[in-house]
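A.B. asks: Please find one structure pasted underneath; my questions will follow.
The values are calculated or read from the model by the stated rules, or taken from the named source; none is laboratory data. Keep in mind that what you see is a predicted model, and the values were worked out from it rather than measured. Cβ placement follows ideal geometry from the backbone for every residue including glycine, while neighbour counts extend to all protein chains displayed. Note: accessible area is taken over every heavy atom of the protein model, side chains too, but ligands, DNA and RNA are not part of it. Shrake-Rupley method; radii C 1.70, N 1.55, O 1.52, S 1.80 Å.
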Amino acid sequence: MRIRRCAILFLEPREEIGFELDSLLKGGDGIRTFSRWLALAPHLEREVEVDRIERELLGSVSASRWTERVWGSGQEAAAAQRLLQAGLLLSGDAAFERHAERDQAIREAHWWPLAAVAHRFGRWHGTDGVAALEASGLATATGLREKLGPPPPAVAERVPVHQRLPLPRLPADAYEALRTQRATCRNFDAARPLPLAHLVRMLQRVLAAQAQVRIDEDTVFLKRNVPSGGGLHPTAAYLLVQAVEELPAGLYHYHPVAHALEPLTEVAGGIADFAARITAGQHWFANAHVLVVLTSRYARSQWKYRQHAKAYRALVLDVGHISQALYDAATELGLAAFVTAAINEVDIEQGLGLDPLREGPIAICGFGWRAAQRQVTEFDPAAQVWTRAADATAPL
């Protein structure tokens, strides 16, 4: 049989703790520890437990060259069959072609192996992060302090006080005044539609291509009002429009060169249900007038940064630049905004029809009118938005 190992594979010895009644009855502590070896391969949806024979077999097969192997009977043959079924070993046989296709997508994306594993296995599906925090008592700053003890100091100090060089405090200018009004919004006025002109202005300021550099017909670089690693701008934007005048509620892809919205097919359950699912229990974000799902097109970045240790970091930084620009643009328009990375990536991929090996969500931003009444506490320590500062019960 012609086989090779999958392109990226990490093995993790994971220790688990369980209860053992016999130990307790014999005077022990009743605790039993045991280890399992787990194979982490980013072309697969889940980790795979492997035994000693399977680990050794994986180590004996090349990941780069197809080789002919003849399996006899016995333990090695059984191990090889299990690894083929799991997708850790690849074959040209039709029965296993799905795994080979997914592995090929990983190879073509030129991932740095550690980043591929971290990204792939850090995704959520159907998670209610808020409920989990509330159940553990970690949903507020007070709860965090009680459960985890005090955090590291808010500021790192590298020299004694007398060695500091004090700087003058200049009067705030218009830009600083604008920035002090920025506060993450958890209270949106869903009953007040957003003017279409405000949405257009937000997209034009932050996501639209301001210029193009065309090297060839198939090689184009964009200029946006936000920086991007290598000038590649691999971040795409999908809009969940819920309350915008003159625009039907629904799901759209934003085209930054045409400065146009591309309507997408409806998601199961409707747009409001989809917004609630993908924000992972953060109901205070789910009813924003517009949610912007920021995804990374991996191949666009890794075309240049092949197997590069910093490529994935640049993707995350790109999304950070966009989210900050959205905050500033919204604040200047008198709107409120948010950004969150606590999202259900798998649900987003399924709803948007994304191949997670080629494009995936990094964060969700949103904006709209802030409600007149605060139903959910917001973190506003400078009291620039609300009349009194948020207290230690603010959700984090």
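A.B. asks: Kindly indicate the residue of the range 336-377 that is among the acidic types (D, E) and surrounded by fewer than 22 Cβ atoms within 10 Å (Cβ to Cβ) and also nearest to L315 (Cα to Cα) among those meeting that condition.
C.D. replies: Only one residue tops the list, namely E359.
A.B. asks: Any residue in the range 162-171 that is over 30 Å from R306 (Cβ atoms), open to solvent by 90 Å² or more (accessible area, probe 1.4 Å) and in a helix (DSSP H, G or I)?
C.D. replies: There is at least one residue in the range 162-171 that is over 30 Å from R306 (Cβ atoms), open to solvent by 90 Å² or more (accessible area, probe 1.4 Å) and in a helix (DSSP H, G or I).
A.B. asks: Here is a follow-up. Tell me which residues, restricted to the range 107-117, are of a type in the set (A, V, I, L, M) and modelled with pLDDT of 95 or more.
C.D. replies: The answer is L114, A115, A116, V117.
A.B. asks: Return yes when R123 is surrounded by 17 or more Cβ atoms within 10 Å (Cβ to Cβ), basic (K, R) and touching a residue at least 24 places away in the same chain (Cβ under 8 Å) and no when it is not.
C.D. replies: Yes.
A.B. asks: Need the failing condition index for V159 against (1) within 25 Å of N287 (Cβ to Cβ); (2) open to solvent by less than 70 Å² (accessible area, probe 1.4 Å); (3) assigned to a loop (DSSP other than H, G, I, E, B); (4) out of contact with any helix residue (DSSP H, G or I) (no Cβ under 6 Å at 6 or more places or on another chain), just the number.
C.D. replies: It is condition (1) that V159 fails.
A.B. asks: Shifting gears a bit: Residue pairs, Cβ under 6 Å, 6 or more apart or interchain, first in the range 245-258 and within 15 Å of G353 (Cα to Cα), second surrounded by 10 or more Cβ atoms within 10 Å (Cβ to Cβ) and among the aromatic types (F, W, Y). List them.
C.D. replies: The qualifying pairs are H253/Y238.
A.B. asks: With the structure loaded, tell me whether E262 is acidic (D, E), in contact (Cβ under 8 Å) with a residue 12 or more places away in the chain and surrounded by fewer than 20 Cβ atoms within 10 Å (Cβ to Cβ) or whether it fails that test.
C.D. replies: The answer is no for E262.
A.B. asks: I would also like to ask the following. Looking only at strands (runs of 3 or more DSSP E) that fall completely inside the range 191-241, which ones have 2 or more residues that are within 21 Å of the chain's Cα centre (by Cα)?
C.D. replies: Qualifying strands (runs of 3 or more DSSP E): 235-241.
A.B. asks: What about L333, is it open to solvent by less than 30 Å² (accessible area, probe 1.4 Å) and either at negative phi or modelled with pLDDT under 95 (or both)?
C.D. replies: Considered against the rule, which asks whether it is open to solvent by less than 30 Å² (accessible area, probe 1.4 Å) and either at negative phi or modelled with pLDDT under 95 (or both), L333 comes out as no.
A.B. asks: Continuing with this model, one more query. Taking the range 285-298, which residues are buried (at least 21 other Cβ atoms within 10 Å of the Cβ), under 19 Å from the mean Cα position of the chain (by Cα) and not aliphatic (A, V, I, L, M)?
C.D. replies: F285, T295, S296, Y298
A.B. asks: Residues in the range 283-309 that are touching a residue at least 60 places away in the same chain (Cβ under 8 Å) and either among the charged types (D, E, K, R) or more than 30 Å from I8 (Cα to Cα) (or both): how many?
C.D. replies: The number of residues fulfilling the criteria is 13.
A.B. asks: Among residues belonging to the range 173-212 that are open to solvent by 80 Å² or more (accessible area, probe 1.4 Å) and among the hydrophobic types (A, V, I, L, M, F, W, C), point out the one that is nearest to A329 (Cα to Cα).
C.D. replies: Ranking the qualifying residues of the range 173-212, first place goes to A174.
A.B. asks: If you don't mind, there's one more thing I want to ask. Is it the case that the range 303-310 has a residue that's under 17 Å from the mean Cα position of the chain (by Cα), at negative phi and open to solvent by less than 10 Å² (accessible area, probe 1.4 Å)?
C.D. replies: Checked the range 303-310: no residue is under 17 Å from the mean Cα position of the chain (by Cα), at negative phi and open to solvent by less than 10 Å² (accessible area, probe 1.4 Å).
A.B. asks: Among (1) farther than 27 Å from V244 by Cα; (2) touching a Leu at 6+ places or on another chain (Cβ under 8 Å); (3) in contact (Cβ under 8 Å) with a residue 60 or more places away in the chain, where does V206 come up short?
C.D. replies: Among (1) farther than 27 Å from V244 by Cα; (2) touching a Leu at 6+ places or on another chain (Cβ under 8 Å); (3) in contact (Cβ under 8 Å) with a residue 60 or more places away in the chain, the lone unmet condition for V206 is (1).
A.B. asks: Checking the structure you have, find out if any residue of the range 130-142 is within 25 Å of A299 (Cα to Cα), open to solvent by 20 Å² or more (accessible area, probe 1.4 Å), modelled with pLDDT under 95 and not aliphatic (A, V, I, L, M).
C.D. replies: no
A.B. asks: For residues that are open to solvent by 60 Å² or more (accessible area, probe 1.4 Å) and either of a type outside the set (A, V, I, L, M, F, W, C) or part of a strand (DSSP E or B) (or both), tally how many sit in the range 242-254.
C.D. replies: Number of matching residues: 3.
A.B. asks: Also: Could you tell me which residue of the range 353-396 is farthest from the chain's Cα centre (by Cα), considering only residues that are modelled with pLDDT of 80 or more and charged (D, E, K, R)?
C.D. replies: That would be R374.
A.B. asks: Test P227 against the criterion of being open to solvent by 20 Å² or more (accessible area, probe 1.4 Å) and without any contact (Cβ under 8 Å) to a residue 24 or more places away in the chain, and give yes or no.
C.D. replies: Answer is no for this residue.
A.B. asks: Give the range 81-113 a look and list any residue that's without any contact (Cβ under 8 Å) to a residue 60 or more places away in the chain and among the aliphatic types (A, V, I, L, M), or say none.
C.D. replies: Residues satisfying the conditions are L83, A86, A94, A95, A100.
A.B. asks: Suppose the filter is over 30 Å from H259 (Cα atoms) and touching a strand residue (DSSP E or B) at 6+ places or on another chain (Cβ under 9 Å); does L148 pass it?
C.D. replies: Judged against the criteria, L148 is not a match.
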